[in-house]
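For reference, the structure is listed below as structure tokens.
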Amino acid sequence: AWYVPCLASLETLQELCRKENLRCKSIGITNRNLKSYEVEYLCDYKVEEGTEYYLVKWKGWPESSNTWEPQKNLKCPLLLQNFLSDKNEYLSRVRDGKALKVRNHVKALKPAVADYIVKKAKQRIALQRWKEELNRKKNHKAMILVENTVDLEGPPLDFYYINEYKPAPGINVINGITTGCECADCPAEKCCPKEAGFILAYNKRKKLKIQPGLPIYECNSFCRCGPDCPNRIVQKGTPYSLCIFRTNNGRGWGVKTLQKIKTNSFVMEYVGEVITSEEAERRGQLYDNQGNTYLFDLDYDSDEFTVDAARYGNVSHFVNHSCDPNLQVFNVFIDNLDLRLPRIALFSTRTIKAGEELTFDYQMKGSIDLTSDSADGLSPSRKRIRTVCKCGAVCCRGYLN
């Protein structure tokens, strides 16, 4: 038999079932709840003969089933609060330099106001579902929140959350390592970093102690040490709760931390599709027309491969550029010692306050070994069209590239 994935949402399928009076246990429509009613959001408002009414969108029912209900029948204080907040937000917007006066005793809402309230309610539901999806898919304990108080933009339509590299066909990001250190208490003389010819990257407080440009060699899955080993940091995922939020200055989405982050702490890993540099050049031409790119060259040892986080990535997909960033890039090797395929980790360059936006320098100045012959070390793929920088830093260079 052939199976085709359904592109309709669960709510859409439930609406169809109720509209056609059908039961379907697999999507939660049974005899018991076929005719049940729960307020999903409020669409409109009016006053008739001194009684306040709200137009209700019922959860799991098509919009054609919306009904006007007196306020006394509604047991949804949060949805009422959201409705009033969205109404006042719309009415108080500045137009032509003059704010519209909010009237508290209207008999009915203008269509434009009701339309905005419905769009805001749908956005709120979509962002909540996206947040739940992100937290289902992540492989670390810290939470991911989503916030948009700026516009009506919803979740990105063509973005898929992943926790690790997604290699293109023919690219192997796991090189079949079969040995690890024998340390009972890392680090010892023959721990992984020393075997690779480098020093341990972390101090006793599990904070970074090496200079930018030097690689990080963590203990791998074949090492004798356990999960509490001080040389297992990046592989555990981000330890901080982060929020993907909508910026208010035209930079799209951004990421802010919800917790204080100390200097030299691991924050997150940059992941995406691993593709060849030739494929990156082809995609780069397409991305140029969109005015953005998520291509990141893996050129620690060579320039054979690139990470493309445009469609597949994690929270780092949404981290914005700054000419004065608070994150720094480091190359990490764990279960793959192929120098052409390092993992990319972002560490804090200073103390970052809770609520502060996270940024890194897309040009990676200072991220490379300054003794190298290459001045491009860890830079993202070169773009052909200059993009204006909106980071707002005092030392802003004016362009992202």
Problem set entry | Matching label, Cα Rg over 2.2 N^0.38 Å computed from the structure shown, candidates (1) 0.98; (2) 1.38; (3) 1.20 | (3)
Exercise. Relative to the first principal axis of the alpha-carbon coordinates of the chain, what is the inclination of helix 10-19, with its axis defined by its Cα atoms, in degrees from 0 to 90 and to the nearest 10?
Worked result: 20
Seminar exercise, completed: DSSP beta bridges in the chain: the antiparallel percent, rounded to 5, is 75
For this session: Would you mind checking 35/137; 59/87; 72/122 for any pair whose Cα atoms are more than 27 angstrom apart?
Result: 35/137
For this session: Specify which residue in the list 258, 173, 272 is farthest towards the positive end of the charge dipole of the chain, using unit charges on the beta carbon of Lys, Arg (+1) and Asp, Glu (-1), about the Cα centre.
Result: 258
Exercise. If you take the square roots of the eigenvalues of the alpha-carbon gyration tensor of the stretch 142-360 and sort them as a ≥ b ≥ c, do you get rounded (a/c under 1.5), prolate (a/b over b/c) or oblate?
Worked result: oblate
For this session: Determine the percent antiparallel among the DSSP beta bridges restricted to the stretch 142-360, to the nearest 5.
Result: 65
Exercise. With all protein chains present, how much of the accessible area of the chain (probe radius 1.4 Å) comes from carbon and sulfur, to the nearest whole percent?
Worked result: 51
Exercise. Taking the alpha-carbon centroid of each part, what is the distance from the stretch 157-185 to the stretch 270-334 in angstrom?
Worked result: 16
Exercise. Packing-wise, with mean Cβ within 10 Å as the measure, how do 209-222, 330-343, 246-259 rank, highest first?
Worked result: 330-343, 209-222, 246-259
Seminar exercise, completed: Within the under-9-Å Cβ sphere about residue 188, not counting residue 188, Lys/Arg +1 and Asp/Glu -1 give a net charge of -1
For this session: Could you work out how far apart the two model spin labels at residue 263 and residue 141 are, taking each label as a point 7 Å from the Cα in the direction of the beta carbon, and quote it in nm?
Result: 2.7
Seminar exercise, completed: Of 158, 86, 324, the most mobile residue in a GNM of the chain (C-alpha springs, cutoff 10 Å) is 158
Exercise. Per residue, how much accessible area does the chain show when a 1.4 Å probe rolls over the protein heavy atoms, in square angstrom?
Worked result: 56
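The values are calculated or read from the model by the stated rules, or taken from the named source; none is laboratory data. In this text the structure is predicted, and so the values were computed from the model without any measurement. Ideal geometry is used to build each Cβ from the backbone, glycine not excepted, and the neighbour counts take in all protein chains shown. Accessible surface areas use protein heavy atoms only, side chains included; no ligands, DNA or RNA. Shrake-Rupley method; radii C 1.70, N 1.55, O 1.52, S 1.80 Å.
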